[in-house]
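Peer 1: Encoded as C-alpha cells, here's the structure I'll be asking about.
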Amino acid sequence: MILGGEGSLIGSTLNIVALSQAKESENWDGDDVRFFEFGYVSLPLFVISILYVVLFSPYLLKARQQNEASIRQAAKDYLAVFFVPEGSWMVGNSIDLSGITRCPQVTLREVERNLRPIAITDSKYYIDLIIQAGDCFIFSGSSEGIGNLRNFKGIFPIVQKQIDLLGNRRRRRCLFEVVVDRHGGMAYKTVSYIKFRETFEAVIIAIRRTGSTKHYYKYGDLNIRPGDSFLIEAKNYFDKLRANDTNFALIRAVENTRPRREGKTMDKYRAVHCVLGVIIMVVLESVGIADICSTSWILAVTLILNKTLTLEEAKRAIRGDIILNNAAALGVARAIEVVGWSTVLGHRMSSLSTGFGLFGVLCGVFLSTAWMSAFVGGTTTALIMLEPVLSLANELDSNTKLFFMVLIFGANSSFITQFSFQIMSMIMIPGSYSHQDIFRFGIILQILLLFTSVGLSILIWD
C-alpha cells in the first residue's frame with residue numbers, strides 16, 4: 001500500500017484529488033508535483049516496511065488458526081474442488097510457494113490425493129506439502145473468491161471437462177449464483193437426471209448447502225434440495241434469459257468473473273496496448289504535455305474500441321460511492337475554508353508545536369493526518385486537513401509543498417485500525433486477528449514511518 005499509494009501521482013485517489021485542490025488554494029505557493037516525485041520518500045518507506053514486516057511479524061502477529069468462527073463460516077461458504085493437471089507449473093512446488101493459500105476470499109480446507117485426504121489446514125505440514133499432478137484442492141469461500149480461482153494459473157475446476165462442452169467462447173460467460181426454488185421441477189432430483197448442462201447451458205462450479213460441508217467430485221449424482229445454492233458458469237445473459245424460470249428462486253450475476261483474455265494472438269496485442277498506453281500516459285504527464293485526466297480518458301476509449309474492455313465493464317469501473325465520498329469531502333473542506341476554521345486549526349496546530357521547530361510541526365501534521373485517516377479514510381482526511389496545513393505553512397513562512405507532501409504521506413500511511421484500508425478488514429476474519437493485533441503491529445510501524453517521512457521530506461523539499 002505504501003509503494004502503490006505513495007509511489008507516484010496516480011498511486012491513490014487522494015494524491016490526485018488533494019493536489020488538484022491544493023493548486024486552487026490561495027495558500028498554495030509551491031511548485032508542481034512531478035509524477036514520480038513521491039518516490040524520493042516512498043521507496044525508503046517501502047524498504048523499511050518490508051524489513052519491519054519480515055523481522056517483527058512473527059513476534060507481533062499470531063499465526064493463523066482455524067477457530068470456531070471460521071468453522072461456522074465454512075457452512076455458509078461455497079465448496080469447490082479444483083485439480084492440478086499434468087504439466088502444471090505448480091507440480092513439484094510446495095503449497096506455500098504456489099501462493100494458493102493467499103487467494104482472497106477463499107480458504108484451502110483440504111488436499112486430497114487419489115481420493116484420500118493427505119493434508120488439512122490445521123495440520124502442521126500442509127504448507128510444505130509438495131504438489132503432484134492430480135492433486136485435488138477443496139476450497140471454501142465466497143462466490144467472488146471462487147470466481148478468482150478460475151483465473152489462477154495451474155489449477156482447473158474438477159468439472160473442467162463439462163465446462164469445455166459449453167463451447168470455446170468463455171469470454172462470453174461468467175458466474176451466477178442460483179438458489180433452487182422448492183416449487184420448481186428440479187427439487188429432489190439428481191443433477192444428471194434433469195440434464196443440468198444441456199437444459200440450462202450451464203455447469204455447476206460450487207455448491208452451498210445449509211448445514212453441510214461435504215464436497216463433490218461429480219455433481220451428476222447430487223440430489224438437489226430446495227434452498228441449495230449453486231455457483232454456475234453460464235452465458236453472460238443467463239439471468240435475463242431465466243428471469244421467469246420457476247426452478248430458481250434467485251439468480252445473481254457475480255461481478256468481474258469473466259475469464260481473462262489469454263492464449264490468442266489478439267490477446268497479446270491487447271496486452272501490449274495496455275502496457276504501452278500506461279507508459280505513454282505517464283510520460284505525457286511527466287513532461288507536462290497532457291494532464292493525467294485527459295490521457296486516461298483517451299486510453300479508456302481505445303481499450304473499449306479494441307475490445308479489451310466492454311462498455312459494461314467500463315461503466316462498472318466508475319464507482320459512484322467513491323465519487324460521492326470525494327465530493328462530500330470536497331464540500332466539507334470548502335466549508336472549513338469559508339467559515340475560517342482552516343485558519344483557526346492552523347493557528348492551533350502552530351501553537352501546539354511551538355518550541356519543537358519545523359521537525360516537530362511536521363510530525364504533528366503527520367500524526368494528526370494519520371490518526372484521522374485511521375477512522376474516516378485517507379482521501380476525506382487529506383481534503384479536510386489540506387487548507388489548515390497550507391495555512392500553517394504560510395504562517396510559519398515555510399514551503400507549502402513540503403507541508404503538502406507530509407500531509408500525503410500521513411494520509412497514505414495509517415495502519416493502526418482495520419478501517420484504514422479495505423484489505424485490512426478483509427484479512428481479520430480469515431486470519432483470526434483482533435483489533436489489538438492490528439494496533440500492536442501498526443503503532444510501531446506508524447512511528448517508524450513518521451520519523452522517516454518527516455526527516456526525508458525536510459531534506460528534499462525544505
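The values are calculated or read from the model by the stated rules, or taken from the named source; none is laboratory data. Model, not experiment: these values are computed from the prediction. Note that each Cβ is placed from the backbone with ideal geometry, even for glycine, and that neighbours are counted across all protein chains shown.
Peer 1: If you check R258 against the conditions, is it in contact with an Asp or Glu (Cβ under 7 Å, 6 or more places away or on another chain), among the basic types (K, R) and closer than 25 Å to L241 by Cβ?
Peer 2: Here the answer is no, as R258 does not meet what is asked.
Peer 1: Please go through region 255-300 and pick out each residue that is surrounded by 11 or more Cβ atoms within 10 Å (Cβ to Cβ), closer than 25 Å to C174 by Cα and without any contact (Cβ under 8 Å) to a residue 40 or more places away in the chain.
Peer 2: Hits for region 255-300 are E262, M266, D267, K268, Y269, R270, A271, H273, C274, A300.
Peer 1: Another question, then. In region 217-231, what residues are surrounded by fewer than 22 Cβ atoms within 10 Å (Cβ to Cβ) and assigned to a strand (DSSP E or B)?
Peer 2: Correct list: N223, S229.
Peer 1: Within 22 Å of E313 (Cα to Cα) and in the same structural domain as G134 (by TED's automatic domain parsing): is that true of L165 in this structure? First the steps, then the outcome.
Peer 2: Values: within 22 Å of E313 (Cα to Cα): no; in the same structural domain as G134 (by TED's automatic domain parsing): yes.
When the stated conditions are applied, L165 does not pass them.
Peer 1: Can you spot a residue in region 437-451 that is in the same structural domain as D32 (by TED's automatic domain parsing), within 24 Å of L324 (Cα to Cα) and either modelled with pLDDT of 80 or more or surrounded by fewer than 22 Cβ atoms within 10 Å (Cβ to Cβ) (or both)? Walk me through how you get there before you give the answer.
Peer 2: Start the filter on region 437-451 by keeping residues that are in the same structural domain as D32 (by TED's automatic domain parsing), which leaves 437-451.
Now drop any that are not within 24 Å of L324 (Cα to Cα), which leaves none.
Taking every residue of region 437-451 in turn, none turns out to be in the same structural domain as D32 (by TED's automatic domain parsing), within 24 Å of L324 (Cα to Cα) and either modelled with pLDDT of 80 or more or surrounded by fewer than 22 Cβ atoms within 10 Å (Cβ to Cβ) (or both).
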